[in-house]
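Colleague: Have a look at this one before I ask anything.
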Amino acid sequence: MEFSEFKEKISSKFLKKISIDISDIQCQQFFDFMNLLIEKNKVMNLTAIVAPDEIIVRHFLDSCMMIKFFKENDLDEKRIVDVGTGAGFPGLPLAIMLQKTNFVLTDTLGKRIKFLQEVLDCIGINNVELIKARAEDFAHEKGYREQFDYIVSRGVARFSVLSEYSLPLLVVGGKMLAYKMNDCGEELKEGTKAINVLGGMFHVKHPYGIIDGEPERCIVEIDKVKTTPNKYPRKAGIPSKEPL
């Protein structure tokens, strides 16, 4: 896909779905990210979505949908962490759009962190820190535990597990924003105990659609209302094997 076609498509999608304009510089950054993703995916498993049109919608647009539900100055100069970012979603597209906001992206695989560093070097943004770490260990590190205003996650784990990875990282008053399918009510109910034990409380579910005719997605907003007990998260592997 040529840049001119890419620019037209991504600009129209963002304007229609999120009501925001993308600058020429941001379009170029997304374009370069997409091309690196497609190229590196030939030699390492980053994503099953490789068609440019699909990347625009299912990765870039979907990742940035949280912007729709917040005023821009609510996110300026805040700290956002994406634990288990994989190929950079949703954290890196958000970082491109919110360059006054500070992001930390973590993943357990050094190969993916190396790929993301290549992307950052290519697109030239400086509001992202990359860390190779397991979520259970990262949440106990001084300087990161209960230091973030928002945590975002997409496709990482069910609420009963995700809450243990996420809520220890949030300041009291912070928000966990989990990208899910809109029919996640049973999963949310199953995770209510974990959310409450870890200091969280369900706030609201934001439904949205990205492709006409497909099931709605949503962002589930969990408020951090009290400090997480020090014993959480438990040792690596336990949260997924023995959910709260």
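The values are calculated or read from the model by the stated rules, or taken from the named source; none is laboratory data. This structure is a prediction, so every number in the text was calculated from the model and none was measured. Ideal geometry is used to build each Cβ from the backbone, glycine not excepted, and the neighbour counts take in all protein chains shown. Only protein heavy atoms, including side chains, enter the accessible area calculation; ligands, DNA and RNA are left aside. Shrake-Rupley method; radii C 1.70, N 1.55, O 1.52, S 1.80 Å.
Colleague: Starting with the highest mean, order 7-13, 104-110 by the number of other Cβ atoms within 10 Å, averaged over the residues of each peptide.
Modeller: 104-110, 7-13
Colleague: Could you state the accessible area per residue of region 180-244 in Å², with a 1.4 Å probe and every protein chain left in place?
Modeller: Here the per-residue accessible area is 56 Å².
Colleague: Which of the GluC sites (Glu not before Pro) found in region 29-103 are loop residues per DSSP with 12 or fewer other Cβ atoms within 10 Å of their Cβ?
Modeller: 77
Colleague: Continuing with the same structure: Can you tell me which of 135, 178, 51 moves the most in a GNM of the chain? Springs connect C-alpha atoms under 10 Å apart.
Modeller: Maximum fluctuation in the GNM of the chain, among the listed residues, is at 51.
Colleague: Say we join alpha carbon atoms closer than 10 Å with springs in a Gaussian network model of the chain; which of 182, 41, 73 then has the biggest fluctuation?
Modeller: 73
Colleague: With everything on Cα atoms, drop me the angle between helix 24-40 and the longest principal axis of the chain, reported from 0 to 90° to the nearest 10.
Modeller: Between helix and principal axis, roughly 80 degrees.
Colleague: Ignoring ligands, DNA and RNA, what percent of the 1.4 Å accessible area of region 1-124 is carbon and sulfur?
Modeller: The C+S portion of the solvent-accessible surface of region 1-124 is 49 percent.
Colleague: Also, quick follow-up: Can you give me the C-alpha center-to-center distance between region 157-186 and region 1-43, rounded to a whole angstrom?
Modeller: Region 157-186 and region 1-43 have Cα centres spaced 28 Å from each other.
Colleague: Which value, in debye to the nearest 20, describes the size of the charge dipole of region 1-123 about its Cα centre when Lys and Arg Cβ atoms bear +1, Asp and Glu Cβ atoms bear -1, and nothing else is charged?
Modeller: So the dipole magnitude of region 1-123 works out to roughly 340 debye.
Colleague: Moving on. Calculate what fraction, in whole %, of the accessible area of region 131-199 sits on carbon and sulfur atoms when a 1.4 Å probe is rolled over the protein chains.
Modeller: With neighbouring chains kept in place, the figure for region 131-199 is 48 percent.
Colleague: Shifting gears a bit: Grab the other residues whose beta carbon is less than 15 angstrom from that of residue 84, score K and R as +1, D and E as -1, and report the net. Numbers along the way, then the final one.
Modeller: On the way: positive: 111, 112, 132, 134, 154, 158, 180; negative: 82, 107, 136, 137, 164.
Taking every Cβ under 15 Å from that of residue 84, the sum is +2.
Colleague: How far is it, in nm, from the label point at residue 8 to the one at residue 121 when both lie 7 Å from their Cα along the line to the Cβ?
Modeller: Using points 7 Å along Cα→Cβ, the separation is 3.5 nm.
Colleague: Accessible area per residue, 1.4 Å probe, Å², for region 1-109: what's the number?
Modeller: Averaged over the residues of region 1-109, the accessible area is 44 Å².
Colleague: Take every DSSP beta bridge whose two residues both sit in the chain, then give the antiparallel share in percent to the nearest 5.
Modeller: 45 percent
Colleague: While we're looking at this one, here's another question. What are the GluC sites (Glu not before Pro) within region 84-156 that DSSP puts in a loop, where the Cβ has at most 15 other Cβ atoms within 10 Å?
Modeller: 141
Colleague: With labels modelled as points extended 7 Å from the Cα through the Cβ direction, what inter-label distance (nm, one decimal) is found for residue 51 paired with residue 77?
Modeller: So the label points at residue 51 and residue 77 sit 4.4 nm apart.
Colleague: Quick check on region 49-185: what does the Kirkwood estimate of hydrodynamic radius come out to from the alpha carbon pairs, in Å?
Modeller: About 15.1 Å for region 49-185.
Colleague: Something else: If you place +1 on the Cβ of every Lys and Arg and -1 on the Cβ of every Asp and Glu, how big does the dipole about the Cα centre of the chain come out, in debye to the nearest 20?
Modeller: Numbers: 34 positive and 35 negative charges, 179 e Å.
It works out to roughly 860 debye.
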